[in-house]
1. Filter the stretch 273-321 for residues that are assigned to a helix (DSSP H, G or I) and among the hydroxyl-bearing types (Ser, Thr, Tyr); which is farthest from the chain's Cα centre (by Cα)?
2. Could you check how many residues of the stretch 286-315 are away from ligand 1 (no atom under 16 Å from the Cβ) and surrounded by fewer than 22 Cβ atoms within 10 Å (Cβ to Cβ)?
3. Against the condition within 13 Å of ligand 2 (Cβ to nearest atom) and under 19 Å from residue 246 (Cβ atoms), how does residue 292 come out, does it pass?
4. Among the residues of the stretch 43-73 satisfying the criterion of being within 14 Å of residue 377 (Cβ to Cβ) and hydrophobic (A, V, I, L, M, F, W, C), which is surrounded by the fewest Cβ atoms within 10 Å (Cβ to Cβ)?
5. Scan the stretch 214-259 for residues that are more than 16 Å from ligand 2 (Cβ to nearest atom), closer than 10 Å to residue 196 by Cα and surrounded by 23 or more Cβ atoms within 10 Å (Cβ to Cβ) and jot them down.
6. Scan the stretch 226-243 and report the pairs whose first residue is outside the structural domain of residue 70 (by TED's automatic domain parsing) and whose second residue is of a type in the set (S, T, N, Q), with Cβ atoms within less than 6 Å and a gap of 6+ or a chain change.
7. Any residue in the stretch 81-103 that's outside any helix (DSSP H, G or I): show its pairings with residues that are within 11 Å of ligand 1 (Cβ to nearest atom) and of a type in the set (Asp, Glu) at Cβ separation under 9 Å, as long as the two are six or more apart or on different chains.
8. Only residues that are among the aliphatic types (A, V, I, L, M) and within 24 Å of the chain's Cα centre (by Cα): list them for the stretch 61-96, please.
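The values are calculated or read from the model by the stated rules, or taken from the named source; none is laboratory data. Keep in mind the model is a prediction, meaning the values are calculated, not measured. So basically every Cβ, Gly included, is an ideal-geometry build from the backbone, and we count neighbours across all protein chains shown.
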Amino acid sequence: MTSLLLTGIGSLVTNDPARSELLGEIRDAALVIEGSKVAWVGSRRDAPAADSALDLGGRAVIPGFVDSHAHLVFAGDRAEEFAARMSGTPYSAGGIRTTVAATRQATDEVLTANVARLVTEMRRQGTTTVEIKSGYGLTVADEARALQIAGQFTEETTYLGAHVVPAEFADDPAGYVALVTGPMLEASSRHAKWVDVFVERGAFDEDQARAILTAGQGKGLQARVHANQLGEGPGVQLACSVGAAAADHCTYLTDVDVDALASTGVVAGLLPAVEFSTRSPYPDARRLLDAGVTVALATDCNPGSGYSSSMPLCIALAVREMHMTPAEALWSATAGGAASLRRTDIGRLVPGARADLAVLDAPSYIHLAYRPGVPLVTQTFVGGRPV
Ligand code: NIG
Ligand code: FE
């Protein structure tokens, strides 16, 4: 196994809970990669020898971003819908059906190329793990196909047959839930790690969502939920009661919701690029953090509610608009994402972790929020290799 010494690191964010302060930051640091893993981190002057060395000239190194919520398997876009929204048309989940129609018509090659393009875009911006959902197929064959394609790019695949009720089931939502919990789950579960439901007025109600999540769990999938995006509702508490890993969106929360997240340890996924792109109020990150809730930041990259693949944008928004500190925002975009995906091998740079990291053309991670819109990531390593 060959080793690579990264040295001249001006600031290394480890997220090592054994070190002091949230980010376990080491100044004037070095890091050794052996094969696909981190073998050593510490002060530059203590660095061991390695087969080769790369001097980063004072740049910052952070754990690669863990984007725990994205919808990348789709065709077409909804730029016109976005333009109309910016002139006052409100966002509604109804637009999902437009993308469903385009996705069903697309070939496997077109869908695969679209995911590849977006994953490349993400890697250039420092993302090293991305969760990818189905949810724009909504037939047995199209959901299984979406998950098969997603699985070519990530282990974190999520079955979202319950995104909305498709047009052909408009008069028979119960029939659609039976499909989602029956033949569609049967065909999809072997390609998925997670099951997700959009719990919202206009999508799925509490009883339908509980049936879908528990059916998925019965097939060995772990649960995550789209919750409380467009208004208060049962999503967060349902996520907590079924033992989901994450309740994502969390834009409209009651005190009972916040208490439930804090007491169960369900991760709250905040997706500020959606509020940016739908011109909605941002979720109250401070209220969650102050209550002791674990927060993840993710893009929710999708053609409707927010078509950004950029974790640095999410960090900048979280700091500027949601009153997270730069350190909290970076933690949530890395270790928080890992917690949301129940992974302990990513989101931190400690010996034994996967060598997934991003090099910033900046002296510290604070520049991610301080210099919004600037492409600061100069190199991304996934499993020890530059990509
Ligand atoms: O997470 N909330 C549901 N699904 C996506 C939006 C999908 C779309 O508008 O196409 C979301 O925001
Ligand atoms: Fe989503």
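1. Here is the first cut: in the stretch 273-321, the residues assigned to a helix (DSSP H, G or I) are 273-278, 285-290, 311-321.
Those left that are additionally among the hydroxyl-bearing types (Ser, Thr, Tyr): 277-278.
Numbers: 277: 17, 278: 18 Å.
Result: 278.
2. Within the stretch 286-315, residues that are away from ligand 1 (no atom under 16 Å from the Cβ) and surrounded by fewer than 22 Cβ atoms within 10 Å (Cβ to Cβ) number 7.
3. Working: within 13 Å of ligand 2 (Cβ to nearest atom): no; under 19 Å from residue 246 (Cβ atoms): yes.
The answer is no for residue 292.
4. Let us first name the residues in the stretch 43-73 that are within 14 Å of residue 377 (Cβ to Cβ), namely 56, 59-65, 67.
In the following step, the residues that additionally are hydrophobic (A, V, I, L, M, F, W, C) were identified as 56, 60-62, 65.
Working: 56: 21, 60: 25, 61: 26, 62: 25, 65: 33.
Checked the stretch 43-73; the qualifying residue surrounded by the fewest Cβ atoms within 10 Å (Cβ to Cβ) is 56.
5. Selection gives 216 alone.
6. As it stands, the answer is none, since no pair meets every condition given.
7. Hits for this filter: 89/81; 91/81.
8. The initial filter retains those residues of the stretch 61-96 that are among the aliphatic types (A, V, I, L, M), namely 61-62, 66, 70, 72-73, 75, 79, 83-84, 86, 93, 96.
Within the stretch 61-96, 61, 62, 66, 70, 72, 73, 75, 79, 93, 96 qualify.
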